[in-house]
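Scroll down for the structure; my scribbles are underneath it.
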Amino acid sequence: MSIDTTTEDIDRELDALGAALAIDDATADLLFREAHTTYGYADEPVTDEQVRAAWDLVRWAPTMMNSLPMRLLVVRSDEGKQRLAAHMAEGNRQSVLDAPVTIVAAADPAFHRHFKTLAPFREDAEEQFEAMGEAREGLARTSSLIQVGYLILGLRAAGLAVGPKTGFDAAGLDADLLADKGWKSLVVITAGVAAPEGAHKPRQARLDFETVAEVI
Ligand SMILES: Cc1cc2nc3c(=O)[nH]c(=O)nc-3n(C[C@H](O)[C@H](O)[C@H](O)COP(=O)(O)O)c2cc1C
């Protein structure tokens, strides 16, 4: 784009890019372009159906060997919020207390126990992955992190404003809230209806295709 670029030029370029998408503008805006990381929430509830609908959508997205290793701790109660908030970095604490629902997205190192259902095409998968021991946790983390991205978009598809956070004491959170399950926390995601004022920070720039991609 040159210094002579007009707003009409930019509109034309955006129209051309929009035409290359297989989703409509409203969906692209809801999931990406108009969606903002959210810090302040209105006093409106999030239903169980919304959270379940988000999961029912994103479970179809791909993971290694269809392993679906991400697990969710859905925190709704005041007691649960207080316990979770205690492990958050100070700047992340208030959002967790204010949001109607916060989801701790975690990785399950024992994900292979479901292979008979999820990957029946590989009869020996459960035994093979059992033999991996601690190395399995790395695999769990990789596919779970991919699923976290899907989940953020799934929650947005369910009409929710979300705030993902990695600023927390993962070891403390795991020992307090996940020890009985053996899950490893990855990202804490607040969810709700955005407050009418001050819900998010100003949008910052994004990198363009030329900066992030090399075509060979
Ligand atoms: C994996 C991940 C971790 C993040 N951790 C934090 C966090 O600990 N605290 C925080 O305030 N924001 C956190 N953020 C929010 C990002 O800063 C924010 O999503 C990004 O700047 C884009 O903002 P926008 O959606 O308003 O454009 C995190 C986002 C992601 C995806």
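The values are calculated or read from the model by the stated rules, or taken from the named source; none is laboratory data. Just so we're clear, the structure is a prediction, and the values are computed from it rather than from any experiment. Methodologically, a virtual Cβ is constructed for each residue, glycine included, from the backbone with ideal geometry; neighbour enumeration extends over all protein chains shown. Ligands, DNA and RNA are stripped out before the accessible areas are found, and what is left, the full protein with its side chains, is counted by its heavy atoms. Shrake-Rupley method; radii C 1.70, N 1.55, O 1.52, S 1.80 Å.
Summary table
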item: Scan of the stretch 160-189 for residues that are touching a helix residue (DSSP H, G or I) at 6+ places or on another chain (Cβ under 8 Å), more than 10 Å from the ligand (Cβ to nearest atom) and either open to solvent by less than 50 Å² (accessible area, probe 1.4 Å) or closer than 18 Å to Lys81 by Cβ (or both), ordered by number; result: Leu160, Leu173, Asp176, Leu177, Trp183, Ser185
item: Count - residues of the stretch 140-162 that are touching a residue at least 40 places away in the same chain (Cβ under 8 Å) and within 10 Å of the chain's Cα centre (by Cα); result: 12
item: Top-ranked residue of the stretch 190-204 - restricted to ones that are over 16 Å from the mean Cα position of the chain (by Cα) and closer than 26 Å to Ala53 by Cα, ranked as nearest to the ligand (Cβ to nearest atom); result: His200
item: Every pair of residues 6+ apart whose Cβ atoms lie under 8 Å, when the first sits in the stretch 65-76 and is in the same structural domain as Lys184 (by TED's automatic domain parsing) and within 19 Å of Val96 (Cα to Cα) while the second is among the β-branched types (Val, Ile, Thr) and surrounded by fewer than 22 Cβ atoms within 10 Å (Cβ to Cβ); result: Val74/Val51
item: Close pairs from the stretch 21-35: first small (Gly, Ala, Ser), partner more than 12 Å from the ligand (Cβ to nearest atom), Cβ under 8 Å, at least 6 apart; result: Ala28/Gly18; Ala28/Leu21; Ala35/Asp29
item: Matching option when the condition is among the acidic types (Asp, Glu) and in contact (Cβ under 8 Å) with a residue 24 or more places away in the chain, among Asp180, Asp124, Asp108; result: Asp108
item: Subset of the stretch 80-128 that is within 16 Å of the ligand (Cβ to nearest atom) and in a loop (DSSP other than H, G, I, E, B) - its residue that is surrounded by the fewest Cβ atoms within 10 Å (Cβ to Cβ); result: Ala89
